[in-house]
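Trainee: Sharing a structure, written as structure tokens. Questions coming.
Read-outs: derived from the displayed coordinates by stated rules, not from any lab. None of the values given here were measured: they were computed from a predicted structure. Cβ atoms come from the backbone with ideal geometry, glycine included; neighbour counts cover every protein chain shown.
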Amino acid sequence: MSLIPEAPVVSPSRETAQSLSRLAYETIKHKIVSLQLPPGSVIDEAALREELDMGRTPIREALQRLAQEKLVTIIPRRGTFVSEIGITDLQRLFEARLVLEPFVVQLAAKRGRPEHWAEMARMLSEMEGRLGDNEALIALDAACHEIIYEAADNKFLRDSLVALYALSLRLWYYSLSQLGNMEEAVLEHRGILKALQKGDGARAALLMEEHIRTFQEEIQAAMVGR
């Protein structure tokens, strides 16, 4: 599953109840992360049911999951809102990523297979001509992190990091107009890849920590400047 949430094609007649819930989750998540549903906006469940041609249950289940992932806030008797974005949240988010991402990359260095690193190398190579495109940079960063999460082979850590990455990705979209050129930061994955190919977990972890810090500093500077 891609770390960049996509808006799936809705075909309710072919889906089980569980699949409908997942479909609603991915669709609403995409709207939130890409700011189609901006921070602080009200979630209109009736409008979502009509748009997705679904009943109340899959929408409610999706919103409960998104609340657990801090993308929506449910306030009893008031409604459901897209979670706000703030500097404090940014700091807490990156505190968590600074602990988990270097640890996961060390696991990936031990457990990853050559095909993981071949795929990561392919992604980096194919993006060479598109690095001035912010959407391409977002896709490349997400692809590299996704490969590392899969290579680490720990579904508990992966689930946690996928949720944290979505929150980071929303910050990226939120700050796009204020950000400078993020190409250098994203291409830090080249160094991480070289360390992973050598099985050097300590070096990969150090580079990942630097990568996360760079991203945090860029986003924080952009948010302060808004």
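Trainee: Please compute the Cα-Cα pair-distance distribution of the stretch 12-82 with 10 Å bins starting at 0, giving whole percents from short to long.
Mentor: 21, 58, 19, 1
Trainee: Could I ask something else about it? Between Tyr173 and Arg60, what FRET efficiency comes out of the Förster formula 1/(1 + (r/R0)^6) with R0 = 25 Å and r the beta carbon distance, rounded to 0.05?
Mentor: The formula returns an efficiency of 0.45 here.
Trainee: Here's another thing I want to ask about it. Using only alpha-carbon positions, what ratio does the radius of gyration of the stretch 59-167 give when scaled by 2.2 N^0.38 Å?
Mentor: In units of the 2.2 N^0.38 Å rule of thumb, it is 1.27.
Trainee: With springs only between Cα atoms under 10 Å, which of Glu84, Glu126, Glu51 fluctuates most in a Gaussian network model of the chain?
Mentor: Glu51
Trainee: Given R₀ = 35 Å, FRET efficiency for Gln36-Arg113 by Cβ-Cβ distance, to 0.05?
Mentor: Efficiency for this residue pair is about 0.40.
Trainee: Taking 1 over the mean of 1/r across every pair of different Cα atoms in the stretch 76-123, what Kirkwood radius in Å do you get?
Mentor: The answer is 14.1 Å.
Trainee: Please list log₁₀ I(q)/I(0) at q = 0.10, 0.14, 0.17 Å⁻¹ for the chain, using the Debye equation with identical point scatterers on the alpha-carbon positions.
Mentor: Here the Debye-derived log intensity ratios amount to -0.48, -0.92, -1.24.
Trainee: May I pose another question? I need the peptides 99-109, 157-167 ranked by packing, meaning the mean over residues of other C-beta atoms within 10 angstrom, with the highest value on top.
Mentor: Ranked from most to least packed, the peptides come out as 99-109, 157-167.
Trainee: Tell me, Lys155, Lys194 in order of fewest to most beta-carbon neighbours within 10 Å?
Mentor: Lys155, Lys194
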